[in-house]
Amino acid sequence: MDRPFGNYEKYERAAEDKAGSADDLRDIINKAFKKVMDIDKSSGQLNLLFKKVVLFIKMLQSYVSGEYRNIPLRTIIAIAAALLYFINPFDLIPDMIPGIGMLDDLAVMMWLTGSIDKDIKDYEAFLKGEFDTHDNFSSDK
């Protein structure tokens, strides 16, 4: 999986370290949830960021809780890395810069969406009850 930009590698390394610990993943979920709830959704771009972050939080929550385990480890790491990036207010463009501070966060979420598109579709199908978690590799799915 390519990276959205150079310094993103440190978030991936941190996510790799945390991916094996349910407590660490819950900590990421809680911090991301707290931050996403403070987003002003009146802007179309920030509303899109809100929706993407919430989706990735839900995917990670479902994985950690055991509700949905059909997510490859590489995807768990990618989601955790993107959420770690989102949590950090001093990333590529500091979040406190009015009007543009969250644009890099949106770029990361859009990059992640494209990178794990199939896993997102599988998860959304699961949420709709259309996905058989016991036979997720059958040829007719």
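Here, each number is a calculation from the coordinates, and none is a lab measurement. As the structure is a prediction and not an experimental result, all values here were calculated from the model. For neighbour counting, all protein chains shown are included, and Cβ atoms are generated from backbone atoms with ideal geometry for every residue, glycine included.
Mind scanning LYS31/LYS128; LYS58/LYS128; LYS10/LYS121; LYS34/LYS128; LYS31/LYS118 and naming the pairs with a C-alpha gap bigger than 24 Å? Write out the running numbers ahead of the final one.
Working: LYS31/LYS128 27 Å; LYS58/LYS128 14 Å; LYS10/LYS121 27 Å; LYS34/LYS128 26 Å; LYS31/LYS118 26 Å.
The pairs that break the limit, which is 24 Å between Cα atoms, are LYS31/LYS128; LYS10/LYS121; LYS34/LYS128; LYS31/LYS118.
Helix 73-87 sits at what angle to the longest principal axis of the chain, using alpha carbons and giving 0 to 90 degrees rounded to 10? For helix 73-87, the angle is close to 20 degrees. Our summary gives the chain a relative contact order of 27 percent, counting only alpha carbon pairs under 8 angstrom and 6 or more residues apart. For ASP17 and SER42, compute 0.36 nm times the residue count separating them, minus their Cα-Cα distance, and round to one decimal in nm. Additional length available on full extension: 5.4 nm.
Protection proxy ranking of 48-59, 117-128, 90-101, 72-83, by the mean of other Cβ atoms within 10 Å over each peptide's residues and highest first, is 72-83, 48-59, 117-128, 90-101.
Give the value in nm², to one decimal: projected area of the alpha carbon convex hull of the chain, averaged over all directions. Please report the intermediate quantities before stating the final value.
Numbers: hull surface 34.7 nm².
Quarter of the Cα hull surface area: 8.7 nm².
The long axis of helix 117-127 is offset from the longest Cα principal axis of the chain by roughly 70 degrees. Can you compute the charge dipole magnitude of the range 2-42 about its Cα centre, using +1 on each Lys and Arg Cβ and -1 on each Asp and Glu Cβ, nothing else charged? Give it in debye, rounded to the nearest 20. In total the dipole reaches around 180 debye.
Each label was represented as a point 7 Å from its Cα along the Cα-to-Cβ direction; for ALA125 and LEU73 these points are 2.4 nm apart. Which angle between 0 and 90 degrees, to the nearest 10, do you get for helix 44-65 versus the longest principal axis of the chain when only C-alpha atoms count? Roughly 40 degrees, rounded to the nearest 10.
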